Amino acid sequence: MTPTVSLLRARSYAIDEVRTYLDALLAPLGGMAAVVKPGDRVLLKPNLLTGARPTKECVTRPEIVYCVAELVKAAGGQPFLGDSPAFGSAHGVAKACGYLHWMEKAGIPIRELHGKRYATAADGELGHLLLSKEVIAVAT
């Protein structure tokens with residue numbers, strides 16, 4: 001199988017444009033439905049490092065996460081946002097970075113990923129990964 005890479009430059013964070021960019025970006029991969037199946041629970045982890053004002057953030061833009069959540073839902077998935085920030089709580093950092101409006105609009109819960117980390121059954125390159133109990137609970 002030949003690896004497929006899809007890369008586009010977004011020129012705006014306007015929701016309609018972000019959605020169009022994401023659709024075009026995922027098209028060569030078969031779209032979101034090629035990855036997300038009906039009933040799948042999908043963790044959206046935007047790297048909520050620390051709180052910052054919009055346009056000064058060091059996290060994934062909330063508009064992108066919102067649009068990805070909408071694509072996951074359209075494919076039949078059940079998205080949730082989760083993270084374990086270096087400073088503060090996931091909810092607090094999400095609020096400081098302008099996420100609350102977008103997550104409420106999408107009906108997406110925010111979960112703290114703060115529990116003990118557990119080894120996975122992965123082999124090879126992924127064998128070293130540890131997952132939080134919250135992620136494992138959602139995945140099983």
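The values are calculated or read from the model by the stated rules, or taken from the named source; none is laboratory data. Everything numeric in this text was worked out from a predicted model, so none of it was measured. For neighbour counting, all protein chains shown are included, and Cβ atoms are generated from backbone atoms with ideal geometry for every residue, glycine included.
Looking across region 5-31 at every residue that is of a type in the set (D, E, K, R) and not in a helix (DSSP H, G or I), the one that is farthest from the chain's Cα centre (by Cα) is identified as Arg11. Considering only region 44-57, I want to know if a residue exists there that is part of a helix (DSSP H, G or I) and either modelled with pLDDT under 95 or hydroxyl-bearing (Ser, Thr, Tyr) (or both). No: zero hits. Residues in region 43-71 that are more than 18 Å from Asp16 (Cβ to Cβ), crowded, with 19+ Cβ neighbours inside 10 Å and among the aliphatic types (A, V, I, L, M): Leu44, Leu48, Val59. Filtering region 65-80 to residues that are over 9 Å from the mean Cα position of the chain (by Cα) and over 12 Å from Val35 (Cβ atoms) leaves Cys67, Glu70, Lys73, Ala74, Gln78.
Can you tell me which of (1) within 16 Å of the chain's Cα centre (by Cα); (2) part of a helix (DSSP H, G or I); (3) among the β-branched types (Val, Ile, Thr) is the one Thr60 doesn't meet? All conditions are met except number (2). Within region 75-85, the residues that satisfy the criterion of being modelled with pLDDT of 95 or more and touching a helix residue (DSSP H, G or I) at 6+ places or on another chain (Cβ under 7 Å) are Ala75, Pro79.
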